1. Size of the dipole of region 41-108 about the Cα centre, Lys and Arg at +1 and Asp and Glu at -1 on the beta carbon, nothing else charged, in debye to 20?
2. Taking region 41-108 on its own, what percent of its Cα-Cα pair distances exceed 17 Å?
Amino acid sequence: METTEAPPNDMEPAPPKDDSMMRDEIERPPQENRGSMDPGGVFMPTVFLGNLSSYCMAEDVQDMFEQRDQPIPTQRVDMKRGFCFVYLKDAKSPEDKERIMKFVEGVNGM
């Protein structure tokens, strides 16, 4: 009598997922673009600057914020073609935030 092997069952349940990947996703630190998250600071929104020259570089934008009498600290500048996003560090006080927002409004009005 001949024995034949049963064809593989394509309907077998998948092995259980490794939940370590899910734990890694849950335990990730907060996104960098959320500001410095300093408990004593005032959250600053991301600033959009448009209509930039194709010769404008991230360092130019960063210098515009940080090379002032009262510097505005930036976390990073993401340059795209003709526009950028400026991620500001949290303001130290509500008055500091107001000063920064006035500067941003002035730059956007240029």
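Read-outs throughout are calculated quantities, based only on the coordinates presented, and are distinct from any laboratory measurement. Not measured: the values here are computed from a predicted model. Reconstructed Cβ throughout: ideal geometry from the backbone, glycine too, with neighbour counts over all protein chains shown.
1. Charge dipole, region 41-108, about its Cα centre: 180 debye, nearest 20.
2. 37
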